[in-house]
Structures are given as structure tokens and as C-alpha cells.
Amino acid sequence: MKFLIVKTSSVGDIIQTFPVLEYLKTFFSQAEIDWVVEEEYLSLIESHPLVHRGIAFNSKLLKNKKLLFLKWRQLLQFFRELRSKRYDILFDLQGNIKSSLITAAARTDKKVGLGWKSVAEFPNFFVTQQHIDVVHSSQIQTKYLQLVQQFFGDQNPFLPEGVNLILSFQEKKALEKMLVKKKPRYMVACFSKWQNKQLKEDTLRQFLNKVFLEDSPYFYFIWGTPKERAVAQRLHRFFPASQTLGALPFPLWQALMREMDLVIAVDSAALALCGTTKTPSLSFFGPSREEVYRPLGSQHTSWQGSCPYGISFEFRCPFLRRCPSGDCLKKGSIEQFLEAYLNYKKHNLSGKKKHKYDE
């Protein structure tokens with residue numbers, strides 16, 4: 001069986017789709033699975049041991065009005081590569097106009113996509129032959145699995161085991177240099193593309209200080225942009241028992257996560273990546289629902305803020321990108337975050353010494 005998955009972005013959603021690969025390989029052990037993804041995430045897909053071939057798509061070419069000749073030349077090259085192979089089944093898990101162009105051009109016997117109630121952008125509905133509606137309020141990994149399982153008529157629960165991305169020799173050496181003997185080791189990855197998903201820097205620092213006074217962990221502060229790097233460096237100066245790391249390749253980032261005792265994160269790619277490991281997480285949610293985006297497994301603990309404007313939502317706040325305050329998360333108190341941390345300790349470290357806060 002030859003499968004093609006169309007899931008081009010975003011990076012967190014791509015990672016949340018990985019269980020589909022495990023599912024297909026469980027029932028079709030000799031399956032070849034190719035994946036169409038945005039060019040900037042191709043290295044992530046190619047590092048997955050269950051992906052046979054990653055096909056890079058650069059959607060920016062559709063928006064760029066300059067260099068028309070070069071643009072169309074690159075697009076034709078992409079579609080030529082896409083159509084060089086015929087597939088038995090295509091799963092369009094993106095459900096928008098961009099993915100509909102890819103799905104329409106692909107050579108497949110069956111094209112499976114989201115139903116009318118579930119598709120993100122309605123034109124996508126018309127390029128797939130079989131349509132399956134999913135429950136948007138489902139946990140994000142199981143939502144993608146729903147489409148594939150329902151196509152095969154499978155109603156049995158499927159719990160993904162996670163996967164180790166392929167490390168290069170250089171990345172293995174880099175990992176050895178990053179690790180310190182001191183424990184516990186906590187990774188702090190509290191940045192997000194969206195400002196309203198982030199904690200206030202001062203609140204984060206004070207919360208981490210409470211955590212440090214409680215358990216004296218060694219912190220790994222993860223950053224991705226120059227602005228995030230500046231924040232991470234300020235935190236590093238406050239916590240000498242720490243290091244800052246940025247622009248990590250996904251396999252190296254995941255491998256480092258596996259060596260952690262805890263990942264502290266917000267709703268972001270970092271949290272999604274943590275869900276592919278056995279490492280516990282403590283995550284903070286505001287404009288997205290913890291029941292949907294918290295990783296699967298009892299080792300994952302989360303805190304959910306409430307909207308001061310009384311807005312309710314199934315999976316993500318409709319005002320995520322334009323809310324002027326972001327107070328659902330930014331008004332969270334240090335005491336509330338500390339309580340969430342103690343809940344994590346209670347659920348993951350039962351039988352060990354109690355906290356001084358419990359006395």
C-alpha cells in the first residue's frame with residue numbers, strides 16, 4: 001500500500017499528526033508513506049523513521065508577485081515530483097484551499113478528506129472523494145486519527161507510543177555536550193508564535209523561582225527568535241544553574257526532551273513535541289482548550305485560564321490573534337501556577353517526599 005498524507009502546516013499540527021503514521025504502519029507494516037509539507041518543515045518530516053519520502057511545498061510562491069518565471073518554474077517542479085508516483089490512498093488532513101491544490105493534482109485511487117462540517121475552507125471539500133466529519137473538540141491527536149480510522153471502519157481506541165526522530169552523528173555529539181549530571185532537569189519552552197499564548201515574563205520568572213526553591217532543578221531555556229533569546233538570557237542570568245538553547249533541529253530537541261524530568265510549556269510546538277516522548281509536561285492554556293491540545297497520557301498536567309470577557313469556544317478562541325489583552329493567560333497568578341506544579345508532582349511523583357507547601 002502506498003499512502004500520501006497532505007498536512008503542510010503548522011509545525012505543532014504536523015507533530016500532532018504523527019500518530020497517523022503509527023496507525024498506518026501498525027496495520028500495513030510494508031506501507032510506503034509519503035508526506036507533503038511546507039518546505040520549512042521538510043527536515044522534520046524527513047527525520048521521522050516511518051516516512052518514506054517528504055515532498056516540499058512552498059506556499060509562499062503563490063503569494064510572491066515578483067520573479068514570476070522563477071515562481072512558476074518551482075511550482076511546476078513541485079507538481080512534477082508530486083505526480084511522479086501513484087498512491088493507493090491520499091489523506092488530506094489540512095482541509096484548506098492550499099491543500100486542495102495539492103490533493104487535486106496528486107495521482108491517487110482514493111482521496112479522503114474532511115466532511116462539510118469539519119473542513120476548514122469549503123473548496124477543499126470538492127477535491128476529495130470520500131468525506132469524514134470529525135469532532136473538533138476531540139484531543140488534537142485523536143481528531144486526526146478519527147478521519148483515518150473511520151475510513152477503515154475501525155472504532156477501536158488507538159494509543160500511539162510515540163517515536164524517536166532520527167539523530168545525526170553531529171546531533172548525538174551535541175546532545176552529549178548539553179546534558180549535565182545535575183537533576184532534576186526541567187526544560188522551559190514557554191514561547192509561542194502568538195503573543196496571547198505566552199505568559200508574562202515577570203510572572204514566569206517568579207513562578208520558576210518558586211519551583212527552584214522547591215526542587216532546585218537545572219533549567220534549559222529554549223528559544224526560537226532573537227526576541228525570545230533575549231528573554232531566555234535574562235532568565236538564565238536569574239538562574240545560574242541553567243543554559244539557553246535556540247534553533248535546535250527537531251531530532252536534537254526531542255532527544256534532549258527525553259532526558260528531561262519535566263517540560264514546562266505553553267500551547268506550542270514544544271508541547272506537541274513533548275507529546276511524542278515519555279517525558280511529563282506542565283502546560284498553561286488561555287485562548288485554547290487544554291482538553292484538546294494537552295498531550296495524551298496521565299503524565300501531562302495543565303492549567304486552564306478563563307476568559308474575562310465571557311467568551312467560550314470548543315477548541316480555540318476566535319479572538320486568539322486579535323484579543324488586545326490576552327488576560328485569559330496573562331492574568332494567571334503565581335499561586336495558581338504553583339498549584340498546577342504541585343498537582344504535577346502529586347500525579348507523577350507519588351510515594352516520594354511531600355512538598356513543604358503541603359505541610
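The set of residues in the range 214-234 that are more than 13 Å from Phe191 (Cα to Cα) and outside any strand (DSSP E or B) comprises Glu214, Asp215, Ser216, Pro217, Gln233, Arg234. Just one of the listed residues (Glu81, Glu46) is surrounded by fewer than 18 Cβ atoms within 10 Å (Cβ to Cβ), over 22 Å from the mean Cα position of the chain (by Cα), under 30 Å from Phe169 (Cβ atoms) and of a type in the set (D, E, K, R), and it is Glu81.
Just one of the listed residues (Ser312, Ser288, Ser298, Ser325) is outside the structural domain of Ile15 (by TED's automatic domain parsing) and at pLDDT 95 or above, namely Ser288.
Within the range 184-193, one or more residues are over 15 Å from Leu245 (Cα atoms) and modelled with pLDDT of 95 or more.
Scanning the range 24-43 for residues that are over 17 Å from Leu114 (Cβ atoms) and either in contact with a helix residue (DSSP H, G or I) (Cβ under 9 Å, 6 or more places away or on another chain) or surrounded by 20 or more Cβ atoms within 10 Å (Cβ to Cβ) (or both) gives Leu24, Ala31, Ile33, Asp34, Trp35, Val37, Glu38, Glu39, Glu40, Tyr41, Ser43. Considering Val51, Val37, Val11, the condition of being β-branched (Val, Ile, Thr), out of contact with any strand residue (DSSP E or B) (no Cβ under 8 Å at 6 or more places or on another chain) and over 17 Å from Leu147 (Cβ atoms) is satisfied by Val11 alone.
Scanning the range 136-159 for residues that are basic (Lys, Arg), more than 30 Å from Leu245 (Cα to Cα) and outside any helix (DSSP H, G or I) turns up nothing. The residue pairs whose first member lies in the range 290-316 and is acidic (Asp, Glu), whose second member is part of a helix (DSSP H, G or I), and whose beta carbons are closer than 8 Å, counting only pairs six or more residues apart or on different chains, are Glu314/Val292.
The values are calculated or read from the model by the stated rules, or taken from the named source; none is laboratory data. Remember, it's a predicted structure, so these values are computed and weren't measured experimentally. When we count neighbours, we look across all protein chains shown, and the Cβ atoms used for this are built from the backbone with ideal geometry, even at glycine.
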